[in-house]
1. Run the quick spin-label model on residue 222 and residue 188: label points 7 Å from Cα toward the beta carbon, then report their separation in nm to one decimal.
2. Would you please put 33-44, 307-318 in order of how densely packed they are, using the mean number of other Cβ atoms within 10 angstrom per residue and starting with the highest?
3. Taking the mean number of other Cβ atoms within 10 Å as a proxy for protection, how do you rank 101-113, 201-213 from highest to lowest?
4. By the gyration tensor of its Cα atoms, with a ≥ b ≥ c the square roots of the eigenvalues, what is the shape of segment 206-333: rounded for a/c under 1.5, prolate for a/b over b/c, or oblate?
5. Please give, to one decimal in nm, the separation of the simple spin-label points placed at residue 164 and residue 149, each 7 Å out from Cα toward the Cβ.
6. Compute the length gained on full extension between residue 248 and residue 141: take 0.36 nm times their separation in residues and subtract their Cα-Cα distance, giving the result in nm to one decimal.
7. Using a 10 angstrom cutoff on alpha carbons, build the Gaussian network for the chain and name the most mobile of 46, 72, 191.
8. Have a look at 135, 198, 92 and tell me which one the Gaussian network model of the chain (Cα, springs below 10 Å) gives the largest fluctuation.
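Laboratory data are not the source of any read-out in this text; all were calculated from the coordinates shown. Please read these numbers as outputs of a predicted model, since none were measured by experiment. For neighbour counting, all protein chains shown are included, and Cβ atoms are generated from backbone atoms with ideal geometry for every residue, glycine included.
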């Protein structure tokens, strides 16, 4: 389930490349509403019997972990779209995954499995962190070199901005983007109520995710609305016959992305006490592998020199090696 989640997460941004006459904010507004509001409640309604009764049966405090985690995660999600729009899917996804894996594995270990902190897993994490830093540095140099070499022939960026700024956004976003883990794992009252209502144990978290991602949608909707107003791009929704096609692309993004998160969550539930960390390692591993594969196939590195391509491969190897080391080390504990 973790690798499936990585595959879906690695490719969910691809439909954005095929929108017509829409700016980033047009697509992101539709994506945010569909992926964070509509799809989570559809999934929760299917998984949790008598969902309305479940929500009414718990105190308001049951919603606090999901809401707080969602608000933080929402900021990171907006930054994900901006960062990848600046540096491309391959570099952006790999960089975000590299920083996210540090927070996404260390954080849940500290919060949910503190007894493992003094185990050999700590040495695995330290060694993997060194590989991740090396990978980000190597990848960053290759990406900057590719930007210079292909400046005259490369396709316009989805989001305007320097490579350095985009990389910085991706680094910060990687940490913030792991907040959803705590929304799902810490909403114990909601999850227990869903289980009591008859939801399968590995799907009961769907209701917690619905609350978390609803809160997370706030940042995306506000920022997209601001960009629509600032850039006067709201009129793009009425441009020609492109609305249905573009809406379908945004819906495809939302479906791929939310299915990725559900796959991660189910893997996390099935892997036991350290499931959040182990599943995140597999999730990130799959994201890096498949994002780079499809980014390469999409021509993001076309025209780069052999030396730059070698840097790309070397950086990816560092990152994948680190992720595999983490996954193997944690799975054997």
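1. About 3.1 nm, to one decimal.
2. Values: 33-44: 20.5, 307-318: 18.6.
Ranking the peptides 33-44, 307-318 by packing returns 33-44, 307-318.
3. Details: 101-113: 20.2, 201-213: 25.2.
So the order, starting with the most tightly packed, is 201-213, 101-113.
4. Details: a/c = 2.63, a/b = 1.27, b/c = 2.07.
Oblate is the answer for segment 206-333, as a/c is 1.5 or above yet b/c matches or exceeds a/b.
5. Each label point lies 7 Å from its Cα, and together they span 2.1 nm.
6. On the way: separation 107, 0.36 × 107 = 38.52 nm, distance 3.58 nm.
Using 0.36 nm per residue and subtracting the Cα-Cα distance, I get 34.9 nm.
7. 46
8. Maximum fluctuation in the GNM of the chain, among the listed residues, is at 198.
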